[in-house]
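Colleague: One structure, pasted below without further comment.
Where a number appears in this text, it was derived from the coordinates with a stated rule and is not lab data. Computed from a predicted structure; not experimentally measured. Cβ placement follows ideal geometry from the backbone for every residue including glycine, while neighbour counts extend to all protein chains displayed.
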Amino acid sequence: MNRRELMGLGAAMALSPVVARAQAPAWPTQPVRLVVPFAAGGPTDIPARLFADELSKVLPQRMIVENRTGAGVVVGTDVVAKAPKDGQTLLYTTVAHSVLRPLFPTLPFDPVADFAPVSLIGVIPLVITVNKDFPARTLAELVAKLRAEPGKHDYASSGNGGALHLGTELMLRRAGVRANHVPYRGTSAAMPDVLNGAVPIIVDVATTTLPFVQRGETRALAVMDSQRLPQLPDVPTTAEAGFPGLEAYTWHMVLAPAGTPDPVIGAAAAAFGGVAKEASVRTRLSDLAMRIVDDQSPAYAKSWLEAERTKWEGIIREAGIRVD
């Protein structure tokens, strides 16, 4: 390479950052609404506010959490579906989004066509748990007992069609056993009966079940994830317990209105991914039993959402699940 070529290459390299900045989308141009279709202070709202606070420090505009509840997650989700397609309004949601279509036959939006995945933040596994006096110390023993006594035992959930209900039905159907569903209005309403043994089985989100297990009030049989929980190092994964592929989570994902320009979606994904890589953020989310995923890209979020939708729609049909 001669001197002129080298000078030309150097000039191109010097100009490339300028060109990249010129081509980068102007996002955000105004404060970003991060709509959370769950109540303030809950297990979904807390991580959403963490990200909003951290992103407000690095973005040119603030990110503001807006809690919009009602009809499950339908009201808040509809707000984002009908928002301008400019990336200024985003949805921070969970596994609930993947089951809207089979559970709600008439929706004011299409949960598939009206949204564009931005970033999968992380996953929180479900934990198969029983009352401390229940005669099963492993997942294999629980399955054997349910098989030997079909229909005799009850399991609790936070309500019809929720993550706990779906996760338990997945376990039962993969194991080929039966148990009776007892729905409650939330986990806090269910736990007293789990603790006193009236309804001895619950498949719960790790965030809420950890304190009970750590105090010895319930017994964790298996974590429905490919990795053990740091907080429960002695509790096996479902694969280690003899049931490979039996995984269930609640997960947190950011979505934008469909039609939002790809460069804007990419910029938002990069912003969330950058915050997720911060050690302090990872520590705080780990305290909530959330495992940050390595790939924060829109493509990965889309593939994850499609796989979850396929899995849970099948379980809902097989079990004949309907919402209250």
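Colleague: Going residue by residue through region 78-95, is there one that turns out to be out of contact with any Leu (no Cβ under 9 Å at 6 or more places or on another chain) and not in a loop (DSSP other than H, G, I, E, B)?
Modeller: At the first step, the residues of region 78-95 found to be out of contact with any Leu (no Cβ under 9 Å at 6 or more places or on another chain) are 82, 84-88, 94.
Add one more test, that the residue is not in a loop (DSSP other than H, G, I, E, B), and what stays is none.
No, because not a single residue in region 78-95 is out of contact with any Leu (no Cβ under 9 Å at 6 or more places or on another chain) and not in a loop (DSSP other than H, G, I, E, B).
Colleague: Restricting to region 206-217, name every residue that is of a type outside the set (G, A, S) and buried (at least 24 other Cβ atoms within 10 Å of the Cβ). Explain how you work it out, then say what you get.
Modeller: From region 206-217, those of a type outside the set (G, A, S) are 207-215, 217; that's our starting set.
Within region 206-217, just T209 meets the criteria.
Colleague: Looking at this structure, is L305 under 30 Å from P84 (Cα atoms), in a helix (DSSP H, G or I) and in contact with a strand residue (DSSP E or B) (Cβ under 8 Å, 6 or more places away or on another chain)?
Modeller: Numbers: under 30 Å from P84 (Cα atoms): yes; in a helix (DSSP H, G or I): yes; in contact with a strand residue (DSSP E or B) (Cβ under 8 Å, 6 or more places away or on another chain): yes.
When the stated conditions are applied, L305 passes them.
Colleague: May I pose another question? Just to check your reading of the model, which residue among A52, A48 is in contact with a His (Cβ under 8 Å, 6 or more places away or on another chain) and in a helix (DSSP H, G or I)?
Modeller: Being in contact with a His (Cβ under 8 Å, 6 or more places away or on another chain) and in a helix (DSSP H, G or I) holds for just one of A52, A48, which is A48.
Colleague: Also: Could you list all residues from region 149-162 that are out of contact with any Leu (no Cβ under 7 Å at 6 or more places or on another chain) and surrounded by 15 or more Cβ atoms within 10 Å (Cβ to Cβ)? Steps first, please.
Modeller: Quick first cut of region 149-162, residues out of contact with any Leu (no Cβ under 7 Å at 6 or more places or on another chain) only: 149-152, 154-156, 159-160, 162.
Within region 149-162, D154, Y155, A156, G159, G162 meet the criteria.
Colleague: Checking the structure you have, find out if any residue of region 295-312 is among the β-branched types (V, I, T) and either closer than 16 Å to A48 by Cβ or surrounded by 14 or more Cβ atoms within 10 Å (Cβ to Cβ) (or both).
Modeller: First, the residues of region 295-312 that are among the β-branched types (V, I, T): 310.
Subsequent filtering for residues that are either closer than 16 Å to A48 by Cβ or surrounded by 14 or more Cβ atoms within 10 Å (Cβ to Cβ) (or both) retains none.
No.
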